[in-house]
1. Rounded to whole Hz and in sequence order, give me ³J(HN,Hα) for region A:259-274 from the Karplus expression 6.51 cos²θ - 1.76 cosθ + 1.60, θ = phi - 60°, writing x for Gly and Pro.
2. Show me the trypsin sites (Lys or Arg not before Pro) within region A:26-83 that DSSP assigns to loop and that have at most 16 other Cβ atoms within 10 Å of their Cβ.
3. Points 7 angstrom from Cα along the Cβ direction at residue B:168 and residue A:306: gap in nanometres?
4. What is the distance, in nm, between label points placed 7 Å from the Cα along the Cα-to-Cβ direction at residue A:122 and at residue A:59?
5. Kindly flag which residue pairs out of A:159/A:205; B:4/B:170; A:31/B:165; A:25/A:158; A:25/B:140 have an alpha-carbon separation exceeding 21 Å in this structure.
6. Just the number, please: percent antiparallel of the DSSP beta bridges in the protein assembly as shown, rounded to the nearest 5.
7. Just grab the label-to-label distance for residue B:74 and residue B:146, each label 7 Å out from Cα along the Cβ direction, in nm (one decimal).
8. Taking the Cβ of residue A:38 as the center, what net charge do the other residues with Cβ under 12 Å away carry, scoring Lys and Arg +1 and Asp and Glu -1?
Amino acid sequence: MSQLSTDHLLGIKDLTPEDIQLIFKTADQFKEVINRPIKKVPSLRDITIANLFFENSTRTKLSFELAEKRLSADVLNFSASGSSLSKGETLIDTANNILAMKVDMIVMRHPNPGAAEFLSRRVKATIINAGDGTHEHPTQALLDAFSIRERLGDLSGKKVAVVGDILHSRVALSNVFCLQKAGAEVMLCGPRTLMPLHAESLGVKVSYRLEEALEWCDVANMLRVQKERMDKGYFPSIREYAMQYGLTMKKLKAASRDIVIMHPGPINRGVEITSEVADSDYSIILNQVENGVAIRMAVLYLLANT
Amino acid sequence: MRKKIILDEERMHIVLERLCFQLVEQHGDFTNSVLIGLQPRGAALAERLVKMLRSKGVSHLPLGLLDITFFRDDFRRRDAPLQPNQTKIDFLVEGKRVIFIDDVLYTGRSVRAALDAIHSFGRPADIELLTLIERRFSRKLPIYPNYCGHSVDSIDSERVLVEWKEVHGKDQISIIPHEST
């Protein structure tokens with residue numbers, strides 16, 4: 001019998017290394033479950049979960065919803081468009097109104113950093129952070145680390161490069177915390193304009209050259225170029241970014257060892273990664289998606305008991 | 001209270017031999033039958049039975065391990081969630097004769113969960129239950145074994161401990177007070 005050290009999943013920062021291993025071990029069994037002819041188990045049949053998405057999402061929302069349904073939970077879906085938010089309702093009021101309908105858990109994505117933590121202090125429900133602004137995206141980091149563990153057997157001592165828009169990426173921050181707690185080394189790589197100041201203070205290596213990162217790493221996690229931020233002029237053009245930081249088969253083959261390629265999606269084909277690489281045997285992008293359901297089932301299962 | 005031995009190695013072997021013969025009597029060459037060990041503690045018994053049946057000339061013996069953690073009826077009624085074990089069933093049970101194997105039958109709740117869980121792998125033709133030890137008068141559900149090694153009378157504060165040569169160094173079954181586990 002084992003339990004997480006926390007009542008909510010707000011960020012990887014709050015988890016202990018033991019928590020992460022417990023989630024991985026539980027997810028191993030759920031991965032077996034979702035590959036059965038009948039993929040559903042009744043564990044959470046008396047639990048109701050509300051998915052509150054105040055920001056757009058396809059993959060994470062579908063993945064959480066599927067995980068909840070595979071666990072037999074009752075699911076409520078809420079998205080910001082078409083809701084009373086436009087009438088001026090506050091986050092706490094929205095959450096409390098949903099909880100008044102006897103909801104046990106809330107999965108929330110919100111554009112503001114710290115929104116999940118804010119809510120967890122003010123409402124009586126288990127909160128799972130599905131991405132809060134540029135802060136954290138814990139389940140993505142867990143599924144990334146789980147996918148590396150699955151491909152390479154173990155995380156300890158492995159070298160993982162996270163490449164791209166580090167500054168705006170919640171995936172990057174959660175990845176750093178999660179990989180370090182699982183025993184891996186992390187390098188952040190990207191243009192200087194998209195690298196946070198004092199990134200080294202996280203205990204990671206920093207590089208501004210993709211070739212250098214590829215020479216160093218066992219795994220490269222290629223983050224999405226957030227085109228919506230292009231108007232602020234972080235780099236001159238998409239074409240220039242693709243030339244400097246886009247992963248091509250030529251750059252991949254130039255590295256002295258085989259590198260596992262990951263991407264949290266959605267992919268801008270031809271920008272941060274070429275189709276040739278994304279669809280190659282080096283890539284575990286679709287394994288990440290499959291593992292996402294297993295990881296989210298594990299997190300929900302472990303937190304539903306609290 | 002001290003440990004009380006119910007079956008020593010010699011008697012345990014006699015019981016296991018009898019269970020093997022009963023299985024062969026009912027299932028012949030096992031063409032349409034599969035053994036399912038219930039995790040965690042039914043696995044060792046199932047593996048031992050397979051070994052013994054093989055030595056009796058039964059060559060075709062599909063064995064699966066079924067974990068019932070996600071199908072239990074006491075989720076959220078415990079302090080912490082139970083850690084699941086591995087499920088390993090590499091075949092479909094659709095139309096098969098399934099034999100559940102567990103070491104101790106106590107309240108019957110695990111077997112109830114297993115009846116639910118096995119349907120994820122198809123609809124069996126029938127399901128039987130084999131247990132090495134049956135604790136009498138403690139069932140909370142109407143579940144009884146088709147093949148029973150040995151029945152014991154015990155009270156709730158006691159625990160039946162099954163030890164295996166492969167794991168614990170000796171074959172032995174004993175009753176111990178719950179506190180000492």
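We did not get these values from a lab; they are worked out from the coordinates using the rules stated. Note that this is a predicted model, so its numbers are computed, not measured. As a convention, Cβ positions derive from the backbone with ideal geometry for all residues, glycine included, and neighbour counts pool all protein chains shown.
1. After applying 6.51 cos²θ - 1.76 cosθ + 1.60, I find 10, 7, 10, 10, 7, x, x, x, 7, 9, 4, x, 9, 7, 8, 7 Hz.
2. Working: sites: A:31, A:39, A:40, A:45, A:59, A:61, A:69, A:70; in loops: A:39, A:40, A:45.
When the trypsin sites (Lys or Arg not before Pro) of region A:26-83 are filtered for loop state and at most 16 Cβ neighbours within 10 Å, A:39, A:40, A:45 remain.
3. Computed distance between label sites residue B:168 and residue A:306 equals 3.6 nm.
4. Spacing of the two 7 Å Cα→Cβ label points: 3.1 nm.
5. Working: A:159/A:205 10 Å; B:4/B:170 15 Å; A:31/B:165 32 Å; A:25/A:158 19 Å; A:25/B:140 31 Å.
Pairs exceeding 21 Å: A:31/B:165; A:25/B:140.
6. Numbers: 10 of 67 bridges.
Counting DSSP beta bridges with both partners in the protein assembly as shown, the antiparallel share is about 15 percent.
7. 2.7 nm
8. Numbers: positive: A:36, A:39, A:40, A:70, B:123; negative: B:94, B:116.
Overall, the nearby charge balance is +3.
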